[in-house]
Structures are given as C-alpha cells and as structure tokens.
Amino acid sequence: MPTQVAEAARAAGIKRIWYASSACIYPESKQTDENLDGASGLKEDDAWPAQPQDAYGLEKLMTEELLMHYDADFGMEARIGRFHNIYGPCGTWKGGREKAPAAIAPTSPYPAATPSSCSTPSSYATP
C-alpha cells in the first residue's frame, strides 16, 4: 500500500508528504531498558543495521526508505515522525493494539498509572 500511495502522490504532483512511522523500526533490543545503556534516547543511527521489532516495524522502515528515494528521485520532500506508544496503565488500554484510538479519546475510564504501578520497569519505554 505505501508504494501505491507514494506513486499516486507523485503522479498528482504532490511536493511534500508527511509519514507517520513507528518506534517499531528500531531493534527491540534497544527498547527493553529505560536507560538505553546511558544514552539519552533512541537516535537515527539506532535504526541501522536494520533489525525492526516485527513485520510492522519492517514495513514502516521500508516505507521510510521508499519516501527518501522519492525525495531524491522525484523531489517529493518527505517528513517522517516516529511515534512511541505511551498511553495507559502498563502500555495497553484493554491488552491489545488499540492504543492510538484510546490516546485521542477525550477521557479515559482508567486511572493514571505510574511506572511503579506496572509489572515491568520498561512499560513506558517500549512502544
């Protein structure tokens, strides 16, 4: 799908595109510790060599690369945002992948959680 969207944008003369990527493009091993081995956060270089967290991360990383080529080849400037999920107690709303819809809900049925109330110390560090 991302290839078709990028090509349709190019064919329509779109000059700038924004892509919502994910922290899943980073290796999972770099997301298991809140201290990040003393680093202040994930950085661009951490995405390579490519070892995305899962197939979803691989698709996001591939699309980032595709859009960089569309910029170089066709002058279609791409801006990329890599989101991290941080919503809700221990990182999920009802235990599934519904974090984004829950994050935009005006109110939450769940009380605010603190990292100390979660079962794993990395609950707020992992997407």
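The values are calculated or read from the model by the stated rules, or taken from the named source; none is laboratory data. What you see is a predicted model; the values in this text were computed from it and never measured. Note that each Cβ is placed from the backbone with ideal geometry, even for glycine, and that neighbours are counted across all protein chains shown.
Residues satisfying the criterion are present in the range 2-11 (criterion: on the phi < 0 side of the Ramachandran plot, surrounded by 11 or more Cβ atoms within 10 Å (Cβ to Cβ) and at pLDDT below 90).
Is one or more of the residues making up the range 39-47 modelled with pLDDT of 85 or more and more than 12 Å from the chain's Cα centre (by Cα)? Checked against the condition, which is being modelled with pLDDT of 85 or more and more than 12 Å from the chain's Cα centre (by Cα), the range 39-47 yields no hits at all.
Looking across Met62, Met76, one residue alone is crowded, with 16+ Cβ neighbours inside 10 Å and modelled with pLDDT of 90 or more. It is Met76.
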